[in-house]
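S.K.: So that we are looking at the same thing, I have put the structure below in structure tokens.
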Amino acid sequence: MWSTSHRRTLLGMWCGATGSSRGKRAQVKRIRAVHAACALVVGLLAVLIPATASAGSSAGSEQEREAVSVSSEAIEAAIAYGQAQVGTSLYTGCSAGAYRMGGEPGEEMHFDGRGCGQSYIYVLRPGWKGFDCSGLIFKMFEAAGVDFQYTSSAAMAALPSVSKSEIQRGDLLVKPGSHVAMYLGVADGVPWAIEASPKQILEQDGIYRVAQGVLVVDATSYLNNSGYGAHRVPGA
């Protein structure tokens, strides 16, 4: 099994370090190939995490154990959908309407995040799916067949709260009105989450930004930040 440092190095090299590509549009195809390779790392990570992550308290009765099993299947289906978007998606910001929920444009589109508290105009191009943080979570549960009516981080904060000390795979880490990510579990002592965020920039031209969409990230900062709460989706 890879060590924590190996995981960090691979995720950093394959899923992250793209700063040198800013402003160099001709390099986007090569960058996309690198990020596609990232999906292989995330796939392996997703396989390893369940074996080492805490699954929470197991139920005492057969009925309760069956409920946990059904929940696990839905969560795994949601995570599988999210994982498939790594390396194939761009971040749209919060003003993209349906395009922030996996929309694929026929032509280049620009979404001005300044109208909803962000600082950039985000670019979505043909051949890429668009996501923001809450749009990704919505689509993940939809893909898993869960009747999920929440389309913003503020709305998701209304879901039942759980203690961060009892967080389990599939729970949401929510900062109302700001961000949401799905907790994946702990591997080699590192807590992981899947999210859509503009942390990895592919291109930048003034206020116009092209950013990688779906990422697997170290969730330590969310777990340690009192502004984030842990929430569980009933029946998921």
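S.K.: Looking at region 110-214, what % of its DSSP beta bridges pair antiparallel, to the nearest 5?
M.R.: Antiparallel: roughly 90 percent of the beta bridges in region 110-214.
S.K.: Out of all DSSP beta bridges with both ends in region 189-229, state the antiparallel percent to the nearest 5.
M.R.: Of all bridge pairs located within region 189-229, approximately 100 percent are antiparallel.
Just so you know, all these numbers are worked out from the coordinates, no wet-lab data involved. None of the values given here were measured: they were computed from a predicted structure.
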